1. Could you go through the stretch 119-135 in sequence order and give the Karplus-derived ³J(HN,Hα) for each residue, using 6.51 cos²θ - 1.76 cosθ + 1.60 with θ = phi - 60°, rounded to whole Hz, and x for Gly and Pro?
2. With a cap of 14 neighbouring Cβ atoms within 10 Å, and only residues DSSP puts in a loop, list the GluC sites (Glu not before Pro) found in the stretch 57-155.
3. List the residues whose amide H sits under 5 Å from the amide H of ASN147, counting only those 5 or more places along or on another chain, with H placed 1.01 Å from N in the peptide plane.
4. Enumerate the calculated ³J(HN,Hα) couplings along the stretch 42-54 in order (Karplus 6.51 cos²θ - 1.76 cosθ + 1.60, θ = phi - 60°), each rounded to whole Hz, writing x wherever the residue is Gly or Pro.
5. Around TYR43, with a cut-off of 9 angstrom between Cβ atoms, what is the net charge of the other residues, counting Lys and Arg +1 and Asp and Glu -1?
6. For the stretch 56-122, what D do you get in µm² per second when you plug the Kirkwood radius from alpha-carbon pairs into Stokes-Einstein at 10 °C and 1.306 mPa s?
7. In whole angstrom, note down how far apart the Cα centers of the stretch 35-99 and the stretch 101-130 are.
8. Could you give the size of the charge dipole of the stretch 27-134 about its Cα centre, using +1 on the Cβ of each K and R and -1 on the Cβ of each D and E, expressed in debye and rounded to the nearest 20?
Amino acid sequence: MRGKQAPKRDIEGDAKYNDKTIAKFINYVMERGKKSVAEKIVYDAFEIIKQKTKQDPRHIFNKAVKKVSPLVEVRGKRVGGANYQVPFQVRGERRYFLGCNWVIKAALSRKGAAMADKLAVEILDASNGEGAAVRKREAVHKMAESNKAFAHFSR
């Protein structure tokens, strides 16, 4: 790594719930700097969740992210001319990022609805342990499990 690492910026809570995790999620949803559009998508998705479940959407969102976030992942490591897929534990920040990113990507891959609707359905599916994002997590865990023999290369 060259130079100094950029300092971590402290993020403020979101406008509606004053929650840092939701503010980060809004930033992940945002494209081309259009934060107001991302906020509208996320808050509309939360309203849909609230109408369908009659529960606080923050709890369902946190439950979904917890069920989607991976504990281990594989990274490629070159040892003696061969590339190995070495399983590593995932740090907390990266775990949250991957979970959110998989939920967003899974919602984007759904067809035929507004993004808020697709996001709400994907969050509900993830909180129930279903959906494409949960399958992605299981695939990553399976890959790490099958490459457990190379764990001694991790250092």
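1. With coefficients 6.51, -1.76 and 1.60, one gets 5, 4, 5, 5, 5, 5, 4, 5, 5, 8, x, 10, x, 5, 5, 5, 5 Hz.
2. On the way: sites: GLU73, GLU93, GLU122, GLU130, GLU138, GLU145; in loops: GLU130.
Loop-located and lightly packed - GLU130.
3. Hits under the 5 Å cutoff: none.
4. 5, 5, 5, 4, 5, 5, 4, 4, 4, 5, 6, 9, 6
5. Numbers: positive: LYS16, LYS40; negative: ASP14, GLU39, ASP44, GLU47.
Computed value for this residue: -2.
6. Numbers: Rh = 13.8 Å.
Result for D is 115 µm²/s.
7. Their Cα centres are 12 Å away from one another.
8. On the way: 21 positive and 11 negative charges, 62 e Å.
Computed charge dipole of the stretch 27-134: roughly 300 debye.
Read-outs throughout are calculated quantities, based only on the coordinates presented, and are distinct from any laboratory measurement. Since the model is a prediction, treat every value here as computed from it, not as a measurement. No Cβ is skipped: glycine too gets one built from the backbone with ideal geometry, and neighbour counts run over all protein chains shown.
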